[in-house]
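As C-alpha cells, the structure follows; a few thoughts come after it.
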Amino acid sequence: MRSLKAFKAASHQLSCTLLGMMLTVAPAAADQIEGTRFTALSTALTDQVVLPAYENLLDETTALTASLGAYCTAPSNDTVDAVRDQFHLTMDAWQRAQPIQFGPIIDAPGPARFQFWPDKRGTGQRQLRRVLTTQDQSVLVEETLGRKSVALTDLQALEYVLFETSDRITDDDFKCRYALAIAEHQRVLAANLLQAWTGSDGYRTQVVNAANGTDAFFDEREAASAFLNSMAGAIDVVRLQKLDRPMGLTITGARPKRTESWRSARSLRNISLNLQTVQQFLTIDDGFGDLLKATGKEETAQATNELLSSILSDVAAFDQPLSALVEDADARTDLESLLSKLRSLQSLVREQVAQDLTLVPGFNATDGD
Amino acid sequence: MTLSRRNILCMGGATTLTTTPIPIIAGASAPRARWMGCRQVGETHYATLFDTAGTIHLDVPLPGRGHDIVPAPDGQSVVVMARRPDTFALVINLSTGETHHQLNASPGHHFYGHGCFSPDGNWFYTTENHYETGAGVIGVRNVAQSYKLEGHFSSGGIGPHELVLMADGETLAIANGGIQTHPDTGRTKLNLDTMRPSLTTVDRTTGRLEAIHTLGPEHQLLSIRHLAAGPQGLALALQYEGPKRHRAPLLALYQNGELNLAETPAPIAKAMRNYAGSVSYDTSGELVALTCPRGNLVSFWSSHDGSYLGFHTARDVCGIVALEQPGTFGLTAGSLAFQATLETTRTSAQFAETQWDNHLVAIA
C-alpha cells in the first residue's frame with residue numbers, strides 16, 4: 001500500500017497566491033495523537049461522568065416517586081415542600097445529564113422524553129391544560145400515559161402540576177395522582193436509559209471498544225468526537241435557548257416566560273448544572289484537560305478552564321431569577337457579558353480544543369453528499 | 001478577466017506557514033488548467049472559477065451552499081446546483097460571471113444537488129425529491145425557454161443523487177441513494193430500515209425506465225450516491241449506512257450490463273471510513289479515482305477489473321476532475337487545489353479561508 005505519509009495536504013493557512021510549483025505539503029499533526037489516549041478519554045468520561053449522572057437520575061426519580069406516593073396517600077402542608085424539594089433534586093439530576101447529547105438518549109423520542117422544552121408553539125401546555133381540565137383518567141396509568149405525547153409525561157409537565165396556580169395540590173386528588181404517574185414514568189425512563197448504557201453489549205461497550213469498530217463508532221476518534229460535540233452542543237443550548245432567546249434582541253423584546261423552569265424559579269440553577277458537567281468533561285482525570293496537557297496543549301486546557309470558571313461565578317453571582325433579570329435594565333450588561341463569554345467558550349471548545357486534538361470534522365465529511 | 005475583490009484581499013494577506021518543513025518532490029510543471037467548484041469563505045458561499053496557478057477568474061456569491069457545477073455543452077455557461085435540500089440553481093455566464101437565470105425547484109420538490117445536459121445542450125435534467133410522496137424524480141428543463149420546467153419523470157428509486165449521460169447520449173444513468181429525507185426533518189434519514197439503493201437507466205427523451213441494477217440484498221445499506229461515466233461503463237461512489245464496525249467497499253463498476261463491487265483490501269476499506277464523496281475516470285478511461293473525505297484520502301483503482309492500486313492522503317479531499325493528460329486528476333482538499341497521478345502529487349494553489357466543496361469540474 002502507498003504510504004500514508006506520501007502526501008498530506010494540510011489545512012494550515014496560506015495566502016491564495018501561488019505557492020510555487022512542485023510543492024507537496026508536509027504531514028499535518030492529524031493522527032499523531034495515539035489512539036489509546038482517545039480510548040482512555042472516552043472510558044473516563046463514560047465511567048466518571050455519564051454513568052454517575054444517569055445513576056443519579058434514576059436515584060432521584062425513584063425518590064420522587066416515593067415522595068409523591070407518600071404525599072398523595074396522606075396529603076399535608078408539610079409534605080408539599082418535601083415533594084417540591086425532591087422535584088428540584090430530580091431536575092438537578094436531569095440538568096446534570098442534559099449535556100450528554102449522544103447515545104441512547106437520542107433514541108426516539110429523544111431527550112424531550114425527560115424534558116420537552118422549549119415548547120415554542122405552546123402545544124405541550126395546551127395539551128396539559130386540557131388533561132387537567134377534563135381530568136383525563138388515561139394519564140393516571142403508566143400503560144396509557146407512556147403512549148402519550150412527551151409534553152404530558154415529562155419533567156416540564158410535572159413542574160406545571162407542582163408549581164402552577166396554588167400551593168395546594170393537596171386538595172386535588174387527580175393532580176396528585178397525575179404527578180405520581182409522571183414521576184413513575186420518569187423513573188422507568190431513567191432505569192431504561194441507564195440499562196441501555198450498562199447492559200450487556202450496552203452503549204458503554206460501544207464507547208470503550210470503539211477502537212475496534214462498534215455499531216455506533218467507526219473508531220476511538222469518532223467516540224472522542226461524540227463527547228467533544230456534546231460539550232460544544234451543551235454550551236450552544238445554554239447560550240442560545242436558555243439565555244439569548246428569553247433575553248430578546250433588546251430589553252423590550254425580553255420574554256421572561258421563555259426562560260427555562262421559570263415556574264420553579266430555577267433557570268440559573270439549570271445553567272450552572274449544565275456547565276458543571278461541561279467542567280467535569282474538562283477536568284476529571286483523563287478528561288479533555290488531561291488529554292490537552294498530554295499533547296502539549298496546556299494553554300488551551302488552562303484558557304478553557306479559566307473561562308468556564310469565570311462563567312460559573314458570574315452565573316452564581318446573580319441574586320434574582322433569570323425571568324426577572326431578563327427584564328431588568330440594570331442586569332442587561334451582565335447578561336450580555338455572560339452571552340459573550342459563552343460565545344468565546346463555544347469557539348474555544350469547537351475550534352481550538354477540536355483542532356488541538358485533531359478532531360475537527362472535515363467540511364466535506366457530512367454524509368449524504 | 002477581472003480581478004475579483006476576494007483575489008485582491010488575498011494578495012494583500014500575509015503568508016503564514018504553520019507546519020513543519022515542506023518536502024519538494026520532482027514533477028513536470030503543468031500548463032494552467034481552469035477548474036470550477038463551490039466553496040465557502042467565512043460564512044459566504046461562492047461558485048469559483050480558478051486556475052492552477054491560484055488566480056481566481058470568477059467568484060459568484062450563491063444564495064446558499066452549492067454542490068455540483070454542470071458545464072453547458074457550448075462552453076459558454078454553467079449551472080450551479082444548490083446542495084440538498086435546497087431549491088435554487090443558477091445559470092452563470094462564464095465570460096461575464098453574470099447570472100442569466102435562477103432556477104427554482106417546483107412546489108413540493110427540492111434539488112438533490114446534481115444535474116446534466118443533453119449532448120446538444122437543449123435539455124437540462126435535475127435529480128429532485130417529490131417530498132410528500134418521497135418519490136425520486138428527474139426534472140426536465142427546456143434550455144432555450146429560460147430553462148422552463150417541462151415536467152418530471154421517475155428516477156426509478158428513492159433519493160436520486162448524481163446522474164450522468166451514458167456514452168450513447170440517450171440514456172441517463174441515475175444513482176438512487178435509497179435514503180428518504182423530508183425538508184421538515186432536514187437531512188435526517190427516514191428509512192434506513194428499508195432503504196433500497198439502485199442504479200437506474202432511463203431513456204432521457206421518453207422517461208422510460210430501462211433497467212434497475214442493485215448491489216444485491218446483502219448490500220442494501222450501501223447507498224449509491226455518485227457516478228462517473230467512462231468509455232466502458234460507469235464508476236459508482238458509495239457510502240455505507242450500517243453498523244460502523246463493518247468496513248464496506250465504496251467503489252462499484254458497471255460494465256457490460258453488470259454491476260460489481262470492487263474488491264477492497266481490508267486496510268484501505270478501514271482507511272476510507274465507509275464514505276466516498278466523488279469519483280472520476282481519467283481521460284484514458286483506464287484509471288478510476290475515488291475521494292474519501294472522512295478518510296482524508298484519494299484512492300486509485302483499475303477500471304478493468306476494479307483492482308485496488310494505491311492512495312494519497314489529503315485532509316478533507318473531495319472535489320475531483322480528470323485532467324487532459326492520461327492518469328492525471330485535479331483535486332480540491334480543504335483550502336487547497338492539487339494535481340495527482342497514482343505516483344505523484346503536486347500542490348497547485350492554496351486559497352485563504354476557503355473550504356472547497358464536494359465537486360470540481362474542468363472549464364475549457
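The values are calculated or read from the model by the stated rules, or taken from the named source; none is laboratory data. Nothing here was measured: the structure is a model prediction, and the numbers come from that model. Quick reminder, even Gly has a Cβ in these numbers, built from the backbone with ideal geometry, and neighbours come from all protein chains shown.
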Criterion violated by A:Ser309 - all others in (1) touching a residue at least 40 places away in the same chain (Cβ under 8 Å); (2) more than 17 Å from A:Leu228 (Cα to Cα) satisfied: (1)
Options B:Pro265, B:Pro326, B:Pro293; residue that is surrounded by fewer than 18 Cβ atoms within 10 Å (Cβ to Cβ), within 14 Å of another protein chain (Cβ to nearest Cβ) and touching a residue at least 24 places away in the same chain (Cβ under 8 Å): B:Pro265
Subset of region B:336-356 (residues that are more than 7 Å from chain A (Cβ to nearest Cβ) and within 21 Å of B:Tyr46 (Cβ to Cβ)): B:Ala337, B:Ser348, B:Glu353, B:Thr354, B:Trp356
Residues of region B:130-165 satisfying the condition of being in a loop (DSSP other than H, G, I, E, B) and over 23 Å from the mean Cα position of the chain (by Cα): B:Glu132, B:Thr133, B:Ser146
Residues satisfying the stated conditions in region A:78-103, i.e. under 19 Å from A:Ala232 (Cα atoms), of a type outside the set (Phe, Trp, Tyr) and part of a helix (DSSP H, G or I): A:Gln95, A:Arg96, A:Ala97, A:Gly103
Residue within region B:253-261 that is part of a loop (DSSP other than H, G, I, E, B), out of contact with any His (no Cβ under 9 Å at 6 or more places or on another chain), surrounded by fewer than 24 Cβ atoms within 10 Å (Cβ to Cβ) and not hydrophobic (A, V, I, L, M, F, W, C) present: yes
Residues being surrounded by 17 or more Cβ atoms within 10 Å (Cβ to Cβ) and either in contact (Cβ under 8 Å) with a residue 60 or more places away in the chain or in contact with a helix residue (DSSP H, G or I) (Cβ under 6 Å, 6 or more places away or on another chain) (or both) - total across region A:128-139: 3
Residues of region B:335-344 classified as crowded, with 24+ Cβ neighbours inside 10 Å and either among the polar types (S, T, N, Q) or under 16 Å from the mean Cα position of the chain (by Cα) (or both), total: 2
Wholly within region B:309-364, strands (runs of 3 or more DSSP E) carrying at least 2 residues that are hydrophobic (A, V, I, L, M, F, W, C): B:317-322, B:329-333, B:336-340, B:354-363
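Quick one: would you say A:Pro75 is more than 14 Å from every other protein chain (Cβ to nearest Cβ), part of a loop (DSSP other than H, G, I, E, B) and at pLDDT below 90?
yes
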Residue under evaluation A:Arg221, criteria (1) at pLDDT below 95; (2) part of a helix (DSSP H, G or I); (3) surrounded by fewer than 20 Cβ atoms within 10 Å (Cβ to Cβ), criterion not met: (3)
Qualifying residue in region B:234-244 (condition: out of contact with any strand residue (DSSP E or B) (no Cβ under 7 Å at 6 or more places or on another chain) and either more than 9 Å from every other protein chain (Cβ to nearest Cβ) or part of a strand (DSSP E or B) (or both)): no
Residue within region A:329-343 that is buried (at least 20 other Cβ atoms within 10 Å of the Cβ), under 30 Å from A:Glu220 (Cβ atoms) and outside the structural domain of A:Pro52 (by TED's automatic domain parsing) present: yes
Hits in region A:117-162 (condition: basic (Lys, Arg) and in a helix (DSSP H, G or I)): A:Arg126, A:Arg129, A:Arg130
Residue within region B:166-174 that is under 22 Å from the mean Cα position of the chain (by Cα), under 23 Å from B:Asp184 (Cβ atoms), outside any strand (DSSP E or B) and not basic (Lys, Arg) present: no
Subset of region B:271-290 (residues that are of a type in the set (A, V, I, L, M) and surrounded by 21 or more Cβ atoms within 10 Å (Cβ to Cβ)): B:Met272, B:Ala276, B:Val279, B:Leu287, B:Val288, B:Ala289, B:Leu290
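Any idea which of A:Thr333, A:Thr304 is within 29 Å of A:Leu45 (Cβ to Cβ) and not acidic (Asp, Glu)?
Values: A:Thr333 fails: within 29 Å of A:Leu45 (Cβ to Cβ).
The match here is A:Thr304.
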Conditions (1) touching a helix residue (DSSP H, G or I) at 6+ places or on another chain (Cβ under 7 Å); (2) buried (at least 16 other Cβ atoms within 10 Å of the Cβ): number failed by A:Arg269: (1)
Where B:Phe300 falls short, out of the listed (1) under 19 Å from the mean Cα position of the chain (by Cα); (2) within 23 Å of B:Arg196 (Cβ to Cβ); (3) within 13 Å of another protein chain (Cβ to nearest Cβ): (2)
Evaluation of B:Pro85 against (1) touching a helix residue (DSSP H, G or I) at 6+ places or on another chain (Cβ under 8 Å); (2) modelled with pLDDT of 95 or more (one fails), failing number: (2)
Filtered residues of region B:268-289 (kept if assigned to a loop (DSSP other than H, G, I, E, B), more than 13 Å from chain A (Cβ to nearest Cβ) and in contact with a Gly (Cβ under 7 Å, 6 or more places away or on another chain)): B:Asp282, B:Ser284, B:Gly285
Some residue of region A:323-343 being assigned to a loop (DSSP other than H, G, I, E, B), more than 14 Å from chain B (Cβ to nearest Cβ) and charged (D, E, K, R): yes
